[in-house]
1. Under 6 Å between Cβ atoms, which residue pairs at least 6 apart in sequence (or on different chains) link something in the range 301-317 that is at pLDDT 95 or above with a partner that is acidic (D, E) and surrounded by fewer than 23 Cβ atoms within 10 Å (Cβ to Cβ)?
2. Can you tell which of E32, E15 is under 23 Å from D175 (Cα atoms), of a type outside the set (A, V, I, L, M, F, W, C) and either away from the ligand (no atom under 16 Å from the Cβ) or part of a strand (DSSP E or B) (or both)?
3. Which residue out of V222, V197, V143, V148 is in contact with a strand residue (DSSP E or B) (Cβ under 6 Å, 6 or more places away or on another chain), at pLDDT 95 or above and surrounded by fewer than 23 Cβ atoms within 10 Å (Cβ to Cβ)?
4. Buried (at least 21 other Cβ atoms within 10 Å of the Cβ), more than 10 Å from the ligand (Cβ to nearest atom) and touching a residue at least 60 places away in the same chain (Cβ under 8 Å): does that describe I180?
5. Could you tell me whether L211 is within 13 Å of the ligand (Cβ to nearest atom) and not basic (K, R)?
6. Does the range 214-233 hold any residues that are more than 14 Å from the ligand (Cβ to nearest atom) and either assigned to a loop (DSSP other than H, G, I, E, B) or within 16 Å of L275 (Cα to Cα) (or both), and which are they?
7. Tell me the strands (runs of 3 or more DSSP E) entirely within the range 366-430 that contain at least 2 residues that are in the same structural domain as S342 (by TED's automatic domain parsing) and not hydrophobic (A, V, I, L, M, F, W, C).
8. In the range 389-409, is there at least one residue being under 30 Å from L217 (Cα atoms) and either under 20 Å from the mean Cα position of the chain (by Cα) or not small (G, A, S) (or both)?
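The values are calculated or read from the model by the stated rules, or taken from the named source; none is laboratory data. Fair warning: this is a prediction, and the values are worked out from it, not measured in the lab. Ideal geometry is used to build each Cβ from the backbone, glycine not excepted, and the neighbour counts take in all protein chains shown.
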Amino acid sequence: MRMFDIIRKKRDGEELSTEEIRFFVQNYALGEIPDYQASALLMAIYLKGMTPRETADLTFAVRDSGVRLDFSAIDGVRVDKHSTGGVGDKTSLIVAPLVATLGVKVAKMSGRGLGHTGGTIDKLESIPGFKTSLDTKEFVRIVNEVGVSIVGQSQELAPADKKLYALRDVTATVDSLPLIVSSIMGKKLAADDDCIVLDVKTGSGAFAKTLGDSKKLASAMVDIGKRAGKKMLALITDMDRPLGNAIGNSLEVIEAIETLNGNGPKDLTMLCLELASNMLALAGQGTREQCRTACEKALSDGSALRTFAKMVKAHGGDESVIYDTSKFAKAKFEFELKAPKSGYISAVDTEGYGRASLLLGAGRNAKEDEIDYSAGIILKKKTGDFVNEGDVIAVLYSSKETSFVEAESVSWRSTMILDSKPKKRPIIFARID
Ligand code: URA
């Protein structure tokens, strides 16, 4: 088999065989196929697409490129939740301990920031002392004792995805349905969960910008998960505005803590309740309504927050910051973004806000960049709000004063103020099972 023939076949819009797909994934993971040939094939896939059978083969090849985890030592049903990536999306920090509080185990592997989107692992590392790298024995022990543990992906899990993702990031081939499906589901299927709830984002801050594309993405992932024997469900949720008010690592952890305390922003709280009740219902804990009532109680009586604090302690983190968020390190500088005229915030380019937060230091421009955990943005006004000239729309935070110039200009380019009130968008668009 030759890589040249596989590239030519896909370039001409033909269907690749299972053997050809596995040949490519396995040999690329082993370093036997050069990046220039892999890039050419990725671009051909991006332009010509893949059939559902090819997408499933690509996903299973990514899954099989490394170790398959065994969570059989974890007692009880295991459920996972995965978001396709967004801005201000701190739901895992809330939903995972919430579900664990109600008796279903969450053994979660999460990623770091990707492009304009944030990552759960970076957020957790903003908690002083929190270790995101544990061996499997320790991870399983914490899941059994606390109910939840969140760690970074081990090096051996789906190594083909690590290489392919890095290549996609620099070859403009990220936003391709078969490539996103195989990347996300290849990793999810290499882990050992019984049920998976997918949070598929749609809108200006998502990788799939239109509702049609997000639905296709969700259906493809649900289908592949079911073929692999998992209980699957996807919610299509709004990412046309940042989720909640905080963007940036410790700022988002603080907002997650407020939400776990029952005092979170409405959109974030509602999405978390919906995700958590769907996860619990999928895991057989009752109807969605019963599960939702239980979730509301666990947020209002502080039990979900206590589970989060226990997880932080078990990971070596400083639990006291959870109960006193003023202990989180503060950014040295802040800058207020003030409305230049009166009107409604009619739309925001959410990806632009994600990029602005990155420019402030909350994400990486290069793989080896250090993160400024206190950097980011607090939104004071969101899409649909009326602002008077001079009102503060957002506060930008950074430890590097020079970063404000570009971040401010990106934020402005991402904010539209008009005379008419925009149409309200739902938080949840569809449920696909
Ligand atoms: N998250 C992933 O892990 N992979 C993608 O391709 C997109 C989002």
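1. Listed by first residue and then by second, the contacts come to A309/E319; V312/E319; K313/E319.
2. None of the others qualify; the one that does is E15.
3. Answer to the check: V222.
4. no
5. no
6. Answer for the range 214-233, where residues must be more than 14 Å from the ligand (Cβ to nearest atom) and either assigned to a loop (DSSP other than H, G, I, E, B) or within 16 Å of L275 (Cα to Cα) (or both): V222, A228, G229, K230, K231, M232, L233.
7. Once the strands (runs of 3 or more DSSP E) in the range 366-430 are filtered for at least 2 residues that are in the same structural domain as S342 (by TED's automatic domain parsing) and not hydrophobic (A, V, I, L, M, F, W, C), what remains is 392-398.
8. Checked against the condition, which is being under 30 Å from L217 (Cα atoms) and either under 20 Å from the mean Cα position of the chain (by Cα) or not small (G, A, S) (or both), the range 389-409 yields no hits at all.
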